[in-house]
Amino acid sequence: MANTTLRTRNTIIDGAFLLPALLLLVVFRLLPGMFTAIASFTKWPVIGSPEFIGLANFRTLIEDTHFHQALFNTLHYSAMLIPVLVAGSLALALFIVSFVRAQAALKMIHYLPMVIPLSITAVIWKVGIYSPFGAVNQILSELGMQQIQFLRADYARQSIALTMVWRQLGFWALMYIAGLSGIPRSFYESAVVDGATYVQRFFFITWPLLKPVTLLVTILTTIASFRVFGIVYAMTGGGPSGATKTLLYYSYELGWQDFRMGYGSTVAFVFLLIVLALNAVQRWLIGDSNDL
Amino acid sequence: MLAKVRVVVLISVIAGLAPLMLFASGAQEDEQVDSISFWTFPLRDSMREDVTPILESFTEETGIEVELNVIPWGQGQDNILAAIAAGDPPDVVYTTMSRVLPLVEFGDAIRPLDEKITDEFKETYFANPSSINNYSWKGQTYAVPFLGGPHRWGINVDLFLEAGLDDAVETMTDPEATWTWDDFRQWASELTRDTSGNGEIDQWGYAYPGGSTQASPILRHYWNTGGEIVDSDGNVRVGGDETVAVLEFLRGLQEDGSMPQGVEIMSVSESNGLFNEGKVAITSHLEVPSLIALKASGEDLPDFRVVYPPQSPFGARGSFFAWDALAILSEDAVDESWAFIEHYLSSEIWEEFLVEVGLYPVGGVGPDMVDDPLYQQALEVAEGIFAHDDYSHVRHEVLHPAGSQIIRIMNSHLQSVLSGAESPEEAADAIREEAISAVEQTES
């Protein structure tokens, strides 16, 4: 009886501690998500009343070439960003931890791009680097080489992705640095005694033990790559000719600029379903989800 | 027995609440408005400090407090929409046409002002009739145009003279003379040069800011044709001969090599930067105030001059001229909001703004205290444009709730044309098709 009372009391206390976080999740994540799902079945011009129209928005979506383009662009960003961010951040983390003395300084430097506000990042890259009069093209001109129009429709997505990599690599590397610090040094020392090379130590110790971190980084970079918005907003406005427009940007444009919040919600809802599906596939491919 | 108790309790509750409800409704009828909210886009960085004295003097006169919210140009409309959707809109907003119409059409969120706008008010503030036309929709006036932002065509006279185009300068600055798109293209070609002699072009005739998502760059050229985008009956007019002509003209300048590489992604500020640095000879966005400020700071600037718009192949000489406006969103403080608008407009502070921000008065205040020759010339051209019959197509944004969407469609296809992905004809057809769809969306 006393045990039961104690358990009940502990449960209440645990619940009380969880409640604020739970409330935040419900109010700022779950409810808006549910609201978006409901709104996707309506015609709603933001400031008027929503009108239920069944599956009409989803039918429109199938034939909407702008949606197709935004979906393609989003998947293209993901295809570029996920492997580069996962592999790149791991490589950066390995590089940083290999320096024993300068590690603290390197940890600070590699994280700097993440500290710079997104709007400033956009200006630096757009005007300072990608512009026909930016640093890279000035150097190319000096060398008598052809200029590169980084933000032309053909290269714009790659250029945006490169900016994203520059900005985010340090953040994801930080996760790997934390993961690497959790691997006991004795494992490596034993391997060295057994004559294992650096490559063998990486593939038989580091990589397997970093699997949970890799799974986490992969899932989070997938979500991040699908959520490309701010940099597109600040650098290209979705152009040229919609070449850099993502699903999220398209959803924003529909809802807040075209007054089609119902249809914009449909795009956002489909976006959510795609991200959920991709995460499920990733977890299945990478392995045991209990590692997280 | 229980049912009886319930009935008694219910009656007691209703009886108890009734006086309260009556009191509440009575209180609402007699309720004095003691504060209103005013949201404004910033005309300069110190907007809050600048307008606070006006708000304070209004409070002194009327006893009504004004809560000021300076909203950013980029996301301000989202803030307004969110406030309306949340049922708590600002009472008065300082905004623009493309932001007003959707609020009228989709949410009935703006109060018509025809009953408030008296003849006396018109005489004082609507010196130019085109300003009020920009805020009339389906026979009603929804906002008071306040300050006008002339978007000026300008030239670097030094570069023209170096290229031997002295006559062109005379022609472009004479309201009675005309210069055409063919002249534009020819002169732009002659102004495109390798000035350093290293075999590379480093000076261009024109730099269209094709990367801009704004309305003003594309409309500068489109209004010049005299063409309409959506007529007063809601029929889509864009996508016709005028559209093809604009797209062909800009593509032609690009093919001539008269514009620098990458114009399809160039922003207005980048284009202006090239012009201000003397790398480009003609601009559609001469920023008179910033140039005067540069001059005042001791910068040695070339001889910049404002020019009249060219004559399009269709005969018209239209231009883009922005009129910002004050609108009332309030439902329960309309009179107080109107009193505030009248007070706000009558402030002497706007004379200073006209100079520093480079705005053009709708009426009421005179900018005769400005000494800078460039500003004087800019005003002269602005006044010349309104005075002359040839320049009858001076317009602001697209007068339709789908206006912003159509501008985005136009900008996107223009980028395709400048990228070589579409021909002008293909782009014009696509613009028309998508504009029709956008208009239908707003009407369905």
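Since every read-out is calculated from the coordinates, none of them should be taken as a lab result. Just so it is clear, the structure is predicted and the values come from calculations on it, not from any experiment. Virtual Cβ from ideal backbone geometry, glycine too; neighbours counted across all protein chains shown.
Calculate, for A:GLN146 and A:MET108, the FRET efficiency according to 1/(1 + (r/R0)^6) with r their C-beta to C-beta distance and R0 35 Å; round to the nearest 0.05. Approximately 0.40, to the nearest 0.05.
Computed log10 I(q)/I(0) for the stretch A:1-101 at 0.11, 0.19 Å⁻¹: -0.79, -1.03, from the Debye equation with unit scatterers placed on every C-alpha and solvent omitted. Taking a ≥ b ≥ c as the square roots of the eigenvalues of the Cα gyration tensor, the stretch B:29-137 is classed as rounded, since a/c falls below 1.5. Close amide-amide hydrogen proximity is noted between B:VAL307 and B:TRP153, B:GLY154, B:ILE155, each under 5 Å apart and 5 or more residues distant or on a separate chain (H modeled in the peptide plane; Pro and chain starts excluded). Label positions at A:GLU189 and B:GLU123, each projected 7 Å from the Cα along the C-beta direction, are separated by 9.8 nm. Inter-chain neighbour count for A:229-241: the average number of beta-carbon atoms from partner chains within 10 Å of each residue's beta-carbon is 5.
Rg and Dmax, both from the Cα atoms of chain A and both in Å, are 23.6, 87.
Ordering B:SER284, B:SER269 from the fewest to the most neighbouring beta carbons within 10 Å gives B:SER269, B:SER284. For the stretch B:123-248, the fraction of alpha-carbon pairs lying more than 18 Å apart is 68 percent, rounded to a whole number. Short-range pairs are left out: with C-alpha atoms under 8 Å and at least six residues apart, the relative contact order of chain A is 30 percent.
Using a ≥ b ≥ c from the Cα gyration tensor of the stretch B:233-338 (square roots of the eigenvalues), is it rounded, prolate or oblate, where a/c under 1.5 gives rounded and otherwise the larger of a/b and b/c decides, a/b for prolate?
Oblate.
Using a ≥ b ≥ c from the Cα gyration tensor of the protein assembly as shown (square roots of the eigenvalues), is it rounded, prolate or oblate, where a/c under 1.5 gives rounded and otherwise the larger of a/b and b/c decides, a/b for prolate? The shape class here is oblate.
What does the charge count near A:ILE183 come to, summing +1 for each Lys or Arg and -1 for each Asp or Glu among other residues with Cβ under 14 Å from its Cβ? Residues close to A:ILE183 contribute a combined charge of +2.
Taking only DSSP H segments of four or more residues, each worth -39500 (n - 2.57), what value at 222 nm results for chain A once the sum is divided by all its residues, to the nearest 500 deg cm²/dmol?
-21500 deg cm²/dmol
With a 10 Å cut-off around each Cβ of A:44-50, the average count of Cβ atoms from other chains is 6. Spacing of the modelled spin labels on B:ASP166 and B:ASP114, each 7 Å from Cα toward Cβ, amounts to 5.7 nm.
Take every Cα pair under 8 Å whose residues are at least 6 apart in sequence, average their separation, divide by the length of the stretch A:105-240, and the relative contact order is 32 percent.
Taking the Cβ-Cβ separation of B:SER297 and B:GLU67 as r and a Förster radius of 25 Å, what is the calculated FRET efficiency to the nearest 0.05?
Here the calculated transfer efficiency is 0.10.
Compared with the alpha-carbon gap, the fully stretched path from A:LEU272 to A:PHE99 is longer by 58.2 nm at 0.36 nm per residue. Given contacts defined as C-alpha pairs under 8 Å and at least six residues apart, what's the relative contact order of the stretch A:206-292, whole-number percent? Averaging sequence separation for qualifying contacts and normalising by length gives 29 percent for the stretch A:206-292. The calculated FRET efficiency for the pair B:PHE314 and A:ALA56, based on their C-beta separation and a Förster distance of 45 Å, comes to about 0.65. Taking 0.36 nm per residue of separation and subtracting the Cα-Cα distance, full extension of the segment from A:ILE38 to A:GLN158 would add 39.7 nm. Within the same chain, aspartates and glutamates fewer than 8 places from A:LYS211 are excluded, and of the rest, those with a Cα less than 13 Å from its Cα are A:ASP288, A:ASP291.
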